[in-house]
Each structure stands twice: as structure tokens, then as C-alpha cells.
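Asker: What follows is a structure written as C-alpha cells; I'll ask about it next.
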Amino acid sequence: MTTQPRLEAPRIAGEEIRANFVKSVILIVILVAIVIGLSLWIGAELQDRDTGLIIGLVVTLVVIPVQILTAKLVILGMARGRKADPEDLRERRAIHIVEGLAVSAGLSRTPPLYIIPSDVPNAFASGMGEGDAFVAVTAGLLNMMDDQELEGVIGHEIGHIVHRDIMLNQLVVGLISTILILAFILERILLTKALTGGNRRSRNDNGSAGAAILILILAAILIRPLAGLISQLLQMAISRKREFAADAYSVQVCSYSEGLARALEKLDRDSHPYSSEEKESLGGSKLAAMYINFPGETLFSTHPPIAERVRRIRNTF
């Protein structure tokens with residue numbers, strides 16, 4: 001007697017979005033906890049906890065606002081985007097799709113559409129909120145997708161705008177930059193302590209002083225790589241959750257799952273590790289997390305496998 005495979009329970013788009021939002025918040029809290037932990041460690045090494053917290057606060061207040069405020073101009077400049085031309089038939093249909101989805105999503109303004117002069121099919125959204133958000137698609141995407149598929153892709157990008165994922169992404173990048181700076185400061189403190197404090201101790205107890213110096217040097221060597229590794233893993237996890245949430249939102253706002261599912265399958269069939277020229281046409285690897293798909297990423301991929309995304313999309317209502 002053969003047993004029938006158990007069917008997966010259908011996913012409700014709204015519930016999928018909420019679940020991924022909660023998971024993203026938890027991961028961000030972990031990043032904040034790392035910042036606080038490093039600040040306290042710096043304070044402990046300086047024998048002044050308040051000084052450590054002040055250093056952490058100053059670094060955070062400098063790095064994160066700069067990251068958030070400059071993101072849009074930097075991203076658009078790197079990708080060399082231009083505003084879509086309504087006189088071009090292909091670009092006009094994309095403009096109309098953006099306008100329709102903006103109304104369906106209840107946005108206060110229609111995000112302008114930008115065209116990336118690249119034959120590589122791809123798309124992304126940017127902006128800190130509805131007021132300055134925009135959608136960007138490549139010339140290659142316009143050539144590849146039919147109207148339903150293009151609507152699915154743009155719906156995904158509208159989802160990033162509605163969820164304020166660009167601000168979230170820049171916050172994460174800012175926190176990671178803060179963590180790496182604090183790890184560097186801690187590394188310098190530990191090395192200085194090993195070189196100066198160890199000499200004083202060696203006059204009294206060569207054995208214990210040597211062990212203490214070894215521990216300090218080992219901690220100094222490992223602190224930055226470990227901080228970077230943990231930060232990258234958390235960034236990857238947050239980005240993947242936001243991609244799933246944007247996929248679910250596209251199904252919700254388009255009231256149709258097949259458009260995005262087919263679009264992703266087309267991207268997957270056309271997928272190959274991007275050459276250096278293709279990466280350059282999209283603005284470089286630093287923008288990988290922004291795009292709807294970026295094949296050839298490393299172990300720390302910010303995108304879930306397309307097969308898994310398509311499976312979820314087709315099971316979301």
C-alpha cells in the first residue's frame with residue numbers, strides 16, 4: 001500500500017508577511033545586542049563601563065544616519081539609472097503597472113520608475129519610505145517578461161517599499177559597520193593591553209603573565225573575524241526573510257501568484273554566475289542584496305533559492 005505525500009498547508013499572504021517581519025525584528029535585536037556587548041567589553045577593558053557605552057553610542061549615531069541618508073543617491077548612482085520614458089512603449093507599460101500597483105497598495109504617491117541600462121534581467125526598489133521611494137528595472141527585464149510576469153516582479157518591489165525594507169537594509173548595514181568598528185577598537189585595546197600590561201606583570205609572575213598575554217593576543221586576533229562572520233550570517237538571514245515577505249506581498253497585491261512564479265522561473269532558467277561585466281552593468285556586487293535575484297552569490301547568499309521561493313509563492317493565497 002502506497003502512502004500519499006502529505007500536502008503542505010496553504011500559506012496566507014498576510015500571515016507570511018507578519019511571520020517574516022517578526023523574525024527580522026528578532027535578528028535585528030541580536031545585532032543591537034552585539035553592539036551593546038562589544039561596547040560593554042570595551043568599557044570592561046578600559047575599566048570604565050560608561051566610557052565603553054559612550055564609545056558605542058557615538059559610533060552608532062555617526063555611522064547609521066550617514067548610511068541611511070546617503071543610501072538612495074549612492075545606489076541610484078552606482079546603477080546608473082534614468083527615469084523611464086513614457087514615449088517608449090515598453091517603458092510605458094511598466095510605468096502603468098507601477099501606477100496600478102501603487103493604487104492597489106494604497107501608497108500616497110506613485111514611485112517613479114527608473115531604467116537600468118543593462119541587458120541582464122533584474123529589478124530592485126530603493127528609498128527610505130513612500131516619500132522618496134522608486135522602482136528600478138533593467139532593460140533586459142522589460143524584454144524578457146510578459147505583462148503578468150512584469151507585474152509580479154514590480155509587485156515584489158512595491159512590497160519592499162511598503163515594508164520599508166530599504167531602510168531596514170540600511171539599518172542592518174549600519175549596525176554591521178558599527179560592529180566592525182567597535183571590534184577594531186576592541187582589537188587595538190586588547191593588543192595594547194597585551195604589550196604594555198604584560199611587561200609589568202612579567203616582573204612578578206612570568207607564567208601567569210605569559211598566559212594572560214597569549215589570551216589577550218588570541219582574543220584580539222579573533223574578535224574582528226568572528227564579529228564579521230556573525231554579522232554576515234545575520235544579514236543573510238534578515239535579507240532572506242524580507243525576500244519571502246516581498247514575494248508574499250506581491251501575491252497579495254496582484255491577487256495572482258503565477259505571474260511572479262513564472263518570472264522567477266524565467267530568471268532561474270537564464271541564471272548563471274554573473275560575469276564581471278554583468279555585475280558592473282548592475283552597479284556592482286555591493287548592490288547584490290537589492291536585486292530580486294543575484295546568481296553566483298557566495299555561501300552568505302542574501303537570496304533564498306528560487307525553487308524554494310516559487311514553491312512558497314504557488315502555495316500562498
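Asker: What is the residue count in region 116-145 for residues that are touching a Lys or Arg at 6+ places or on another chain (Cβ under 6 Å), closer than 15 Å to D88 by Cα and crowded, with 22+ Cβ neighbours inside 10 Å?
Answerer: 0
Asker: Show the residue pairs meeting these rules: Cβ distance below 7 Å; 6+ apart or different chains; first residue within region 132-144 and closer than 20 Å to G159 by Cβ and touching a residue at least 60 places away in the same chain (Cβ under 8 Å); second residue part of a helix (DSSP H, G or I) and not charged (D, E, K, R).
Answerer: What qualifies is A136/A79.
Asker: From the residues in region 137-186 that are charged (D, E, K, R) and part of a helix (DSSP H, G or I), which one is nearest to M236 (Cα to Cα)?
Answerer: So in region 137-186, the residues charged (D, E, K, R) come out as 146-147, 149, 151, 157, 164-165.
From what's left, part of a helix (DSSP H, G or I): 147, 149, 151, 157, 165.
Values: D147: 31, E149: 26, E151: 26, E157: 18, D165: 14 Å.
Only one residue fits best here, namely D165.
Asker: Only one residue in L182, L214, L171 is over 15 Å from the mean Cα position of the chain (by Cα) and either modelled with pLDDT under 75 or surrounded by fewer than 22 Cβ atoms within 10 Å (Cβ to Cβ) (or both), so which one is that?
Answerer: L214
Asker: Any idea which residue in region 53-91 is modelled with the lowest pLDDT, counting only those that are surrounded by 15 or more Cβ atoms within 10 Å (Cβ to Cβ) and touching an Asp or Glu at 6+ places or on another chain (Cβ under 8 Å)?
Answerer: K72
Asker: Then there's this: Return only the number of the condition from (1) without any contact (Cβ under 8 Å) to a residue 40 or more places away in the chain; (2) over 30 Å from E187 (Cα atoms); (3) among the aliphatic types (A, V, I, L, M) that L229 does not satisfy.
Answerer: Going through the list (1) without any contact (Cβ under 8 Å) to a residue 40 or more places away in the chain; (2) over 30 Å from E187 (Cα atoms); (3) among the aliphatic types (A, V, I, L, M), L229 breaks only (2).
Asker: Please find, within region 43-52, the residue that is nearest to S118 (Cα to Cα) out of those that are among the acidic types (D, E) and surrounded by fewer than 14 Cβ atoms within 10 Å (Cβ to Cβ). Give the derivation first.
Answerer: Initial filter on region 43-52 (among the acidic types (D, E)): 45, 48, 50.
From what is left, the residues that are surrounded by fewer than 14 Cβ atoms within 10 Å (Cβ to Cβ) are 48, 50.
Numbers: D48: 53, D50: 51 Å.
My answer is D50.
Asker: Has region 105-112 got any residue that is of a type in the set (K, R), surrounded by fewer than 16 Cβ atoms within 10 Å (Cβ to Cβ) and more than 23 Å from the chain's Cα centre (by Cα)?
Answerer: First, the residues of region 105-112 that are of a type in the set (K, R): 109.
Applying the additional criterion that residues be surrounded by fewer than 16 Cβ atoms within 10 Å (Cβ to Cβ) yields 109.
Cutting the leftovers down to more than 23 Å from the chain's Cα centre (by Cα) gives us 109.
Yes: region 105-112 contains one or more residues that are of a type in the set (K, R), surrounded by fewer than 16 Cβ atoms within 10 Å (Cβ to Cβ) and more than 23 Å from the chain's Cα centre (by Cα).
Asker: Could you say which residue among S231, S257 is crowded, with 18+ Cβ neighbours inside 10 Å and at pLDDT below 85? Before you say what the answer is, go through the steps one by one.
Answerer: Working: S257 fails: at pLDDT below 85.
Going through S231, S257 in turn, just one is crowded, with 18+ Cβ neighbours inside 10 Å and at pLDDT below 85: S231.
Asker: Kindly list the number of the only condition in (1) under 24 Å from A237 (Cα atoms); (2) surrounded by 14 or more Cβ atoms within 10 Å (Cβ to Cβ) that fails for A33.
Answerer: The failed condition is (2).
Asker: Have a look at R262, R309, R314, R224 and point out the one that is of a type in the set (K, R), crowded, with 22+ Cβ neighbours inside 10 Å and in contact (Cβ under 8 Å) with a residue 40 or more places away in the chain.
Answerer: R309
The values are calculated or read from the model by the stated rules, or taken from the named source; none is laboratory data. Quick caveat, the model's predicted, so the values are computed rather than measured. No Cβ is skipped: glycine too gets one built from the backbone with ideal geometry, and neighbour counts run over all protein chains shown.
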